[in-house]
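Let me begin by presenting the structure, written as structure tokens, before commenting on it.
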Amino acid sequence: MLLKGYSLEIFKSKCHSEAKGVHCFAHLDNDISEVLPFLNTVLGGMYTRKNHHH
């Protein structure tokens, strides 16, 4: 199995407190860069950022 573990970070927008949606970051425990082209095709070109910290 490629993905060994993950944690989710779910939070409301800090800039738009009235927003009804939430943001979600998935922090993966291992490198999955080899499958990103396939995921990008399935997910419709979603934007990914490496090493995002806020």
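Just to verify a number: FRET efficiency for PHE38 and SER13, C-beta to C-beta distance, R0 = 30 Å, to 0.05?
It comes out at approximately 0.50.
Dividing the convex hull volume of the alpha carbon atoms of region 1-41 by its residue count, what do you get in Å³ per residue?
Enclosed volume per residue, from the Cα hull, is 105 Å³.
FYI, it's all coordinate maths here, none of it is from the lab. Bear in mind that the values here come from a model prediction, so they are computed numbers and not experimental data. Because the Cβ atoms are built from the backbone with ideal geometry, glycine has one as well, and the counts that use them run over all protein chains shown.
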